Structure formats: structure tokens, C-alpha cells
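See below for the structure under consideration.
The values are calculated or read from the model by the stated rules, or taken from the named source; none is laboratory data. As the structure is a prediction and not an experimental result, all values here were calculated from the model. Because the Cβ atoms are built from the backbone with ideal geometry, glycine has one as well, and the counts that use them run over all protein chains shown.
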Amino acid sequence: MKNINKLYPYFLAVIGFVIVSLIYFYPVLQGKKIYQSDIVQYTGMAKEQNDFRKATGGDEPYWTNSAFGGMPTYQLGANYPHNYIKKIDGVLRFLPRPADYLFLYFIGFFVLLRVLKIDPLKAFFGALAFGFSTYLVIILGVGHNAKAHAIAYMPLVVAGVILVFRRKYVVGGLLTLLAAALEINANHFQMTYYLLLLVLVIGAYFIIEIVKNKEYRHLGLAVATFAISGLVALGLNATSLMATSEYTKASIRNKSDLTYNADGSANTTESSMEYDYITEYSYGVTESLDLIIPRMFGGGNRENVGTNSAMYEFILAQGASPQEAEQFVSNVPTYWGDQPIVEAPAYIGAIVFFLAVLVFFTDNRKIKYAFLAGALLSLLLSWGKNFPALTNIFIDYVPLYDKFRAVSSIQVILELCMPALAFMGLQSFFKLEAGEQFKALWKTAAIALGLIVLLFVFKGSFSFAGGRDASYLQAYGEVGPVFVEALREQRMEMYSADLWRSALFILIAAGALWGANKNKLSVNTAVIIIGIALVADLAIIDRNYVNTKNFVSAREADSPFKPTQADEFILRDTSNYRVYELQGRLAGRTSYFHKAVGGYSAVRPRKADQLFLYQVEPKFQDIIKGLNHETMSLGKSVAALDMLNVKYILVQAQDGQDVPVTNPYVNGNAWFVSKVKAVSTADEEMKALGTLDSKNEAIINKTNFAQDAAPATFTVDSTATIQLNSYKPNHLKYTSNNKNNGLAVFSEIYYASGWNAYIDGKLTPHFEADYLLRGLKIPAGKHIVEFKFEPQVVKTGSTIALVSFIAMLLLLGAGIYFENKKSKEQPQKA
């Protein structure tokens, strides 16, 4: 009974988290689903994969031809054998999406706060503070599910690490193992990488303390525990990690082999991605004050400023009706920070900031400095190009840092550290004597409120001018200057309003602590007041950006795209071909209906992307001008499109509707060529594509395929044919009929790590031709040619995952045994 009573607060907390998650996202209880823009794109990308699963009863293709001409599905939710950690994750995410991620936020942070010795009531509100941090809610609204997933497990990893350093080797080691495995399984390696930076900071703090105290045995045991936990966690995710690592080499995340850019300028980028691309999304230095004053920089790109706003009055003054004015003010471009696009401010809460300051006057534990260091490091790195002194060091010298873009997102580490500091502060406040409490309280209030007063006093030093204001001047003509001035006034109004808003919530928290200090309120009452105010503060801001309007019927969410007349026209053609959306290559819609040469992915195949950047998009205007409007077909051949078997091009008409344009020059699924053109470098290969007669010659890089690139000519007569007989995304079957030995080029993407060629059932080497396609030498006669996607990485990784799962079970069993043994021995020693 005693043990049950101990667990009672935890049961209540879990039930509370379930209720709060479902209340906040209550439309899921009505059978609705959240409409997430990124997931809509993903749905298009994953359509062929999902259709294959349904048709085969759950088999995995591991390859799709519906995006970028062809790519592995490793980043599209591929399922792997023996991926038991994914099943454990599925059990934890038992609520409907996105309530499941909100619940995970809460649970993970609750565990961390309990490890930090925060009592259950305060830990409950601390978990809500973390989960309702605006950025964490916003990413659920737009569909950054993998990011949310990874963030949710961060606190658990940190909790496990702290336990190990506190000599809880068994419990801490097992928690670290499980949490790290779940973290990696979330498949957002950027977030996991940022978490690793925080773990290194916290680890450095503990190691310094251990070395100072000369506790080398403890250090050895901790390191051994982390090594075992880390290796097993990695092993449980071996297939995903190995497959991703393998594919990354072929993606835009790897360094280009080309020494020149599409515009002809020199490619001098040393990192895998260009500096401007990595740092495009960088927080402004002062913009980071959005963390505590939500709309100091205008909020998001589009804000509903309401009918009591300066902008509403301005629109009415321009002669608009109240209905027109109300519609206009629901979508005002108020953001004036440094980033190109911002859905919402990354607001952590004024009360969280207030309590995080409080901790430095109330808590003597040095671990607070580890969390402070983590918060500061993430803040400085989130400034990106606005703080090049540190950013350049990390890009140039810190391994893997240059693999990730949108550096502003590293602020998730700050968003973890600040609530942790805040509730350490709240916990320790009530352990002080009344006099010490009052002293800490007035110092904290002076700092927090003093900052707000300071920002109000210096309000006039800000320009309130946005990066896009110049375009509004042009767009609105004579009214442009007046509109921009009204926009500035609106921004100033939001700035002032949210300054005093944050001040109000700080005063509520300070008032509750003062009431407890003066014995006018009980400790629990004060904590509840602060907790409710804190949640209200965050939830009100969150609801401005993610609310019931984001939810649609399950049918609409599951089938977000409707075929247009152009789609229906193309779909009448049941042969195998590709489709190019001229004005929307980097979107997932076309992939939903067709085998597309574009798609939506931050790790798209590098060579496919380069082919269009260098060989197709520079000819964009020529393609449009050269259209034969009578037949709605291309007026001339475009080699890159012909060899990719692009039979249809979707062109946007003046009314915004897509029109299907046929390509009469398309090469088909495979063809024999008569000549090999050997080149030595990627540059030569790309340039040769500009003048390639793709139907008659093949370009082969002799540096990579010396034997196949040897000068040769082949006799191709009119009877030589090669036809595609059957199609599956991971298995293509052709019939070849040729009187002579021949070299065939296939309009399929070359990917050496998995695709195997067979002639009459015999494994036969194939090679890369025309920069990114498959080439194969076929002997004279009639033959069956097959390409099968048989990735060895999946087989090897799955074996490692199985062994690791068995190891985890053995470690869990051993851990339970030793903990039980320890608990039985302790009463005897007493």
C-alpha cells in the first residue's frame, strides 16, 4: 500500500497530461485530423510506397519512382525488420495525433523535473510549461512531426544522463538507453545532434566536478554505462542510421562534385551545403526577445490583428467596408525580424523567464550553470549569420554541424533549459527562509520588470521596418507609403501591448510568491496560481496559431489532393513515364498522382536536383516560348527531359490552372545507343549534357567507370528493341532483342547501394550513364533484363537491430535483478 501511495501522484500526472492533451486538441475527439502542410507534402511523396504496401500486404519497396525520378524511401517512413524500438514508441504514442506528441512533451519533461528533485505538483506545471512552449506547438501545426517527435524524447535522455552521473548506473543507464533509442528512432537527426551538444555541455559540468573530487572510479563506471547504453541504442536503430548515412552521400546534404554553379560562377563552398543555405533562417539578436515578449517583432508573417487595431482603422479610412476591413486585418504582414518566413514567435513564457532568473538567487546547486550554458550556447548559435564569430567556427570545425540548415531551430535547447531552470527556481524558493525569499523575489522582479521598462523606454530606437516593406510600396502604388506607415504603427502597437502583457504575467507570478512569503497563500495555492497563469499565458499565444481551424475531416486529411483535369488527362496514359511540373518542381503534389521528377524533401537526391538546376531551369523561358500551342506539345527537344522519360509537362496557364503539355521527343523507358562519350570529371559530364544527343550516345565518367567508358561504338539497327514488361517500384523487368551486342541506357536513377542488374537471372554489373541514369551492356540475342532493389544495408542493419534488442532485454532483466537485490539488502544493513 505504501508503494501504491508513492505512485499516486504519478498516476494523477499521467491522467492529467492525457486530459490536457485531448482538451487542447479536442477536435481529434470528433474524429477530425490536423491539416499539416508539411505532412500533406509528405503524403504526396509517400503515395507510391503506401500503395505498394497495400497491394502486397505490407511489403516494403524501399524505393519510390514517384519523386525526383527515383530515390530510397529511407526518409519517407520506411518500415524495417526487427525495428522493435518503433513498436515501443507506438505504444507510448497511443493518443490521436497531434495530442500524442503533446503528451510525450509532458511526460518526458515531467520525468526530467523529478530527476532534478522537483516535487510532483511543480513538475506537473513545469511539464505543461515545456509542452506549451509556442515553438513546440507551432511545429505540430505545420507538420514537423519528426522534429516534434525528437524534441519530445530530449528531456528523457537528459534525465538518464543526470541519473548516471548521480551514481544511479542501472536506472540511469536503462533510461538513457531507452530514451536515446527512442530519440534516434524519431528520425530527425538535426534535433538529435542539437541534443548531443546539450548532453556534452551537461557532461562537461559533471566531469569537471568528478575530476576535481578525484572520483575516477565513478567516472569510469559512468563512461562504461554511457558506452553500453549508447551502443545498444544505436544498434536498435542500426538499419535507419546505416541507410540514412548511405543515402546522405547521394543527397544534397553531401558536398557537390561540381566546381561551378548553375549560373557559371565558381563553386567555392567547402562544406556540404552553402553557408547562405545553412544560415538562411537565423534569429536576429534582438529578435530573440520574442522568447519573453511574444509579438515584439510582429509575431508571425501573417497576423490577425483584430478590429480594435490601428490597421483596421487605416483600412476603413481607405474606404473599405467593415467586412472588407475585418477580412484584411485577419492576415496582416506584421513580422519585421530577420528571418524569411516565421509562422509564430518562439515564445517560452514571461513567467518561465521570471522563474529562470529566480533560480540564480535561490538554488545553490551548480547544475543550474550547466543548463544556463546550454541555453546560452543554443541562443548564440541560433543567431547564425548574425553572430558569425561562433557560427563560422561550428560550420568549419565542428563535425556534422554543416549538414543542417535553419540554425534558428537550435533554440529548442534553450526551450528545454529555461523551463528546467524555472522550476528549479520555484522549487528552491520555498526552501528558503522568509527573509531570503523576499530578497530573492525583489531582485528577480527588478531584473524582469526592469528589462520590460527598459524596452519600453527605448521603443523609439527601433525602426519597425520589415524586410518586405519595399515590395508593399511597389504593390500598393500611391497608397503604398501610407500603408507601410500604418504597418509600422501596427507593429509599434503590438510591441507595446505585448510588453505590458508580459509585465502583467510576471506580476501575477511575483504576487503569488509574495503572498506565499507573507503566509497569505499556502505553497500549493501559490504554485497552482503560477501554474495556471503560466499555462494560460502560453496557451493564449499558441491558440493564435494552432487552433480548431487547423483541423479537417479525416477524409480530407488522408486524401489532401484532388486530381485536376490535367491530372486526369495524363492518367489516361497507362504506360510508364514521368511528369514534370514546370512551375512547382519542389512540391509533393505531382508525386501523389504521377511518377514525378520533382518532389518535397530537404534531403532530395543531389544529382537529380543538379540536373534541373543546370540543364532545365535555365531553359525555362525557352521551353515556354517554344510550346506548340496547337498540339500542346514541346516545340523542341530538351535532352534532360527526354532521357528521364518525361512524357508530360504541367504548365500553369494564366488562370492558374495546370495544362498538360506532351513531349514528343521522349526517349522511353530504355534505348540502345551507338556511341560512348567518355569524360573525366563531373564538370565535363554536366557540360556534355548540354549538347548530348541522348538517343544515340551515352556519357560515361571514366574516373568512376573506366572499363565501361572505353571508347566504343555499337551497331544499332531498326530491329533492336528493349521494352519494359512489368513494373514495381523495386523491380523492373525488360525484354531485350538485339542482333548485336549493345549498350542500353535506362531512364532510371542510378543508385549503386541496392540496385542490382540481372540478365537472364544472372547478376551483371551496371554503371552510371548520362550523369545519373543506369547503363548496361547487353549481349546479342533475346534476353530478360531485370533491375531489383536489394539494399544490403537493410539486411545488415536488421540483424544488428535484432541482436541489440536481445541485448536490451538482457540488460533490463539484469537491471531488475540487481535493483531488487539492492532493495532487499538495504533493510538488512539498516
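Sort through VAL785, VAL803 and tell me the only one that's in contact (Cβ under 8 Å) with a residue 40 or more places away in the chain, over 20 Å from ALA250 (Cα atoms), of a type outside the set (S, T, N, Q) and not in a helix (DSSP H, G or I).
VAL785
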* Structure fact -> Every listed condition ((1) assigned by TED's automatic domain parsing to the domain that holds PHE68; (2) of a type in the set (D, E, K, R); (3) surrounded by fewer than 21 Cβ atoms within 10 Å (Cβ to Cβ)) holds for LYS675 save (1)
* Asked: Do we have ALA204 as farther than 30 Å from VAL453 by Cα and either assigned to a helix (DSSP H, G or I) or without any contact (Cβ under 8 Å) to a residue 24 or more places away in the chain (or both) here?
  -> yes
* Does at least one position in the range 158-178 carry a residue that is outside any helix (DSSP H, G or I) and buried (at least 24 other Cβ atoms within 10 Å of the Cβ)? -> no
* Filtered residues of the range 348-401 (kept if of a type in the set (Asp, Glu) and surrounded by fewer than 20 Cβ atoms within 10 Å (Cβ to Cβ)) -> ASP396
* **Answer residue from the range 626-672, given it is assigned to a strand (DSSP E or B) and of a type in the set (Phe, Trp, Tyr) and is nearest to the chain's Cα centre (by Cα) among those** => TYR648
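Checking the structure you have, find out if any residue of the range 1-20 is under 22 Å from the mean Cα position of the chain (by Cα) and hydroxyl-bearing (Ser, Thr, Tyr).
Checked against the condition, which is being under 22 Å from the mean Cα position of the chain (by Cα) and hydroxyl-bearing (Ser, Thr, Tyr), the range 1-20 yields no hits at all.
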* To do: With the condition kept exactly as written, say whether any residue in the range 517-539 is of a type in the set (D, E, K, R), within 19 Å of GLY141 (Cβ to Cβ) and buried (at least 22 other Cβ atoms within 10 Å of the Cβ).
  => yes
* Output the residue which, of all residues in the range 329-367 that are polar (S, T, N, Q) and touching a Leu at 6+ places or on another chain (Cβ under 8 Å), is modelled with the lowest pLDDT. => THR334
* Which residues, counting only those in the range 443-462, are over 18 Å from PHE505 (Cβ atoms) and either in contact with a strand residue (DSSP E or B) (Cβ under 7 Å, 6 or more places away or on another chain) or at pLDDT 95 or above (or both)? -> LYS443
* To do: Determine whether ILE138 is of a type in the set (Val, Ile, Thr) and surrounded by fewer than 19 Cβ atoms within 10 Å (Cβ to Cβ).
  => no
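So that you can scan it fast, the table gives a plain yes or no per residue for (1) modelled with pLDDT of 90 or more; (2) surrounded by fewer than 16 Cβ atoms within 10 Å (Cβ to Cβ); (3) of a type in the set (Asp, Glu):
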site: TYR277; (1), (2), (3): no, yes, no
site: VAL285; (1), (2), (3): yes, yes, no
site: ASP290; (1), (2), (3): yes, no, yes
site: THR307; (1), (2), (3): no, yes, no
site: ILE315; (1), (2), (3): no, no, no
* **GLU326 at pLDDT 95 or above and of a type in the set (Asp, Glu)** => no
* To do: Could you run through the range 627-643 and say how many residues are out of contact with any Ser or Thr (no Cβ under 6 Å at 6 or more places or on another chain) and either among the basic types (Lys, Arg) or touching a residue at least 60 places away in the same chain (Cβ under 8 Å) (or both)?
  => 2
* Asked: of a type in the set (S, T, N, Q) and in a helix (DSSP H, G or I), is that true of THR269?
  -> no
* Asked: Does TYR751 qualify as being within 35 Å of the chain's Cα centre (by Cα), assigned by TED's automatic domain parsing to the domain that holds ALA682, outside any strand (DSSP E or B) and closer than 17 Å to LYS695 by Cα?
  -> no
* Of all residues in the range 190-224 being among the β-branched types (Val, Ile, Thr) and in contact with a Leu (Cβ under 9 Å, 6 or more places away or on another chain), the one that is farthest from ALA78 (Cα to Cα) -> VAL211
* To do: Output the residues belonging to the range 641-672 that are aliphatic (A, V, I, L, M), at pLDDT below 95 and more than 14 Å from VAL579 (Cβ to Cβ).
  => ALA653
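Yes or no, residue by residue, for (1) farther than 18 Å from MET494 by Cα; (2) of a type in the set (S, T, N, Q):
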site	(1), (2)
ASP290	no, no
PRO294	no, no
GLY298	no, no
ASN301	no, yes
VAL305	no, no
GLU313	no, no
ALA317	yes, no
GLN327	yes, yes
TYR335	no, no
* Asked: touching a residue at least 40 places away in the same chain (Cβ under 8 Å), over 30 Å from PRO605 (Cα atoms) and β-branched (Val, Ile, Thr) - does that describe any residue in the range 762-781?
  -> no
* Scanning for something outside the structural domain of GLU489 (by TED's automatic domain parsing) and under 30 Å from the mean Cα position of the chain (by Cα), does the range 310-330 turn up at least one residue? -> yes
* Asked: Failed condition for GLU685, given (1) more than 24 Å from ASP257 (Cβ to Cβ); (2) of a type outside the set (S, T, N, Q); (3) not assigned by TED's automatic domain parsing to the domain that holds SER37, with all others met?
  -> (1)
* Asked: Do you know which of the residues in the range 710-735 that are among the small types (Gly, Ala, Ser), in a loop (DSSP other than H, G, I, E, B) and without any contact (Cβ under 8 Å) to a residue 40 or more places away in the chain is nearest to GLU768 (Cα to Cα)?
  -> ALA710
* Within the range 207-225, tally of residues that are of a type in the set (Phe, Trp, Tyr) and touching a residue at least 60 places away in the same chain (Cβ under 8 Å) -> 0
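Considering ASN738, ASN704, ASN756, ASN725, which residue is polar (S, T, N, Q), more than 40 Å from the chain's Cα centre (by Cα) and not assigned by TED's automatic domain parsing to the domain that holds ASN65?
Going through ASN738, ASN704, ASN756, ASN725 in turn, just one is polar (S, T, N, Q), more than 40 Å from the chain's Cα centre (by Cα) and not assigned by TED's automatic domain parsing to the domain that holds ASN65: ASN738.
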* Considering each residue of the range 234-257, count those that are surrounded by fewer than 21 Cβ atoms within 10 Å (Cβ to Cβ), under 19 Å from GLU790 (Cα atoms) and among the hydroxyl-bearing types (Ser, Thr, Tyr), and give that number. => 3
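Results for (1) assigned by TED's automatic domain parsing to the domain that holds LEU156; (2) surrounded by 17 or more Cβ atoms within 10 Å (Cβ to Cβ); (3) in contact (Cβ under 8 Å) with a residue 60 or more places away in the chain, shown as yes or no for each residue.
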{"position": "ILE23", "(1), (2), (3)": "no, no, no"}
{"position": "ILE39", "(1), (2), (3)": "no, yes, yes"}
{"position": "TYR42", "(1), (2), (3)": "no, yes, yes"}
{"position": "PHE106", "(1), (2), (3)": "yes, yes, yes"}
* Asked: What are the pairs, 6+ residues apart or on separate chains, where a residue within the range 507-523 that is in the same structural domain as PHE429 (by TED's automatic domain parsing) has its Cβ under 6 Å from a residue that is of a type outside the set (Phe, Trp, Tyr) and part of a loop (DSSP other than H, G, I, E, B)?
  -> GLY515/LEU521
